[in-house]
C-alpha cells in the first residue's frame, strides 16, 4: 500500500473531468491537481511551447511527493509525454491519448474513427498515430473543434447554442452521403479535418479534449444515437487504476482528498472548476503557486 498522492495537471480546469473520473475509479486516494491557468490555453500554442510548460508543471508536481502522475490534457500529452516520462524515471506517468485510442480501437466495428480536439492536438497527429499503432487498418478523421472549450468554460455546454455549434463542426464528419463527406474534407484541411474515406462515416467518436465531456449531450444530439463516443477522461481513470496495481494503492478505508493548485486567478478556477467537478469550490480551496 502507498498513501502518497497522485499528481494531476492540466493547462486549466478541463482536467477536472479526469480528476472527477479518477476519484470515482480510485476511492480513498489523495490527489494534487495543478491547473496552469496563467498560461492557458495550451491548445493554440506551438508543440515546443506546450512541451516546455508541461515539463515545468510536471516538475512542480513531483516536489509534492507524488507516487504517480496523470497528464490530464490532450495537448500536453501529445507534445510532452515522452519527455515527462524520461524526466520522471521510475514513476508511472499516464496521459490521456493512449487510453482513448485503445478504447476507440476496441469499440469501433468498422475501423473508421473520428477524433475531435484542440488545434494543437489535431495538428500534432498524436491520436492518429496512437490509433494506427494499435489498428493499422483504421481510418481516422480528425477535426479541430476549438469553440467547444469556450462553451464549456462559459457554462454554455447545454442548450440550443451548444447543439448548434456541435452540428456546425460535426455534420460534415457524420453526413451519410459521400458528397457531403467528400466536400467536408476537401475544405476541412485548414480546420484539422483529415483522412475521411469517401462515402463512409465514422462509427466511433473520440472526445479528444478534457473539456469535451461537458458537451457530451450536445455532441450526442449532433451525431445521433448510434455513434460510439469515447470519453478520454473515463478511459484514463481506468488506465491509471490498472497502472497503480496493488502496491501503489492507498490503504483501505481512507477518505478521498484533493489539493487544488493554480498558477493564476484562484477565483476563476473555483468558479469554472465547480461546473467541471459537479461540486462547489471556493477560491479559498485553491492555492496560488508559481512555476
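Of the residues that sit in segment 1-18 and are crowded, with 24+ Cβ neighbours inside 10 Å and farther than 19 Å from residue 121 by Cβ, which one is nearest to the chain's Cα centre (by Cα)? So the residue we want is 7. When residue 156 is tested against (1) farther than 28 Å from residue 278 by Cβ; (2) touching a helix residue (DSSP H, G or I) at 6+ places or on another chain (Cβ under 9 Å); (3) surrounded by fewer than 24 Cβ atoms within 10 Å (Cβ to Cβ); (4) outside the structural domain of residue 14 (by TED's automatic domain parsing), exactly one condition is not met: (1).
Against the conditions (1) at pLDDT 85 or above; (2) outside any helix (DSSP H, G or I); (3) outside the structural domain of residue 43 (by TED's automatic domain parsing), residue 164 satisfies every one except (2). Return yes when residue 7 is under 18 Å from residue 239 (Cα atoms), part of a strand (DSSP E or B) and touching a residue at least 12 places away in the same chain (Cβ under 8 Å) and no when it is not. Criteria met by residue 7. Taken together, the criteria place residue 44 among residues that are at pLDDT below 95 and at negative phi.
Looking at segment 217-291, the strands (runs of 3 or more DSSP E) lying wholly inside it that each contain 3 or more residues that are surrounded by 15 or more Cβ atoms within 10 Å (Cβ to Cβ), modelled with pLDDT of 95 or more and in the same structural domain as residue 66 (by TED's automatic domain parsing) sit at 257-262. Checking 57, 38 one by one, the residue that is buried (at least 19 other Cβ atoms within 10 Å of the Cβ), touching a strand residue (DSSP E or B) at 6+ places or on another chain (Cβ under 9 Å) and closer than 23 Å to residue 259 by Cβ is 57 and no other. Checking each residue in segment 100-124 for being surrounded by fewer than 24 Cβ atoms within 10 Å (Cβ to Cβ), touching a strand residue (DSSP E or B) at 6+ places or on another chain (Cβ under 8 Å) and closer than 20 Å to residue 146 by Cα picks out 119, 123. Within segment 89-120, the set of residues being farther than 18 Å from residue 234 by Cβ and assigned to a helix (DSSP H, G or I) comprises 119, 120.
The residue list 67, 45 contains one member that is crowded, with 19+ Cβ neighbours inside 10 Å, in the same structural domain as residue 244 (by TED's automatic domain parsing) and closer than 17 Å to residue 251 by Cβ, which is 67.
For segment 57-72, taking the residues that are within 14 Å of residue 22 (Cβ to Cβ) and in a loop (DSSP other than H, G, I, E, B), the one that is nearest to the chain's Cα centre (by Cα) is identified as 72. Any residue at all in segment 133-143 that's at negative phi, surrounded by 19 or more Cβ atoms within 10 Å (Cβ to Cβ), part of a helix (DSSP H, G or I) and in contact (Cβ under 8 Å) with a residue 40 or more places away in the chain? Checked against the condition, which is being at negative phi, surrounded by 19 or more Cβ atoms within 10 Å (Cβ to Cβ), part of a helix (DSSP H, G or I) and in contact (Cβ under 8 Å) with a residue 40 or more places away in the chain, segment 133-143 yields no hits at all.
The values are calculated or read from the model by the stated rules, or taken from the named source; none is laboratory data. What you see is a predicted model; the values in this text were computed from it and never measured. Backbone-built Cβ (ideal geometry, glycine too); neighbour counts: all protein chains shown.
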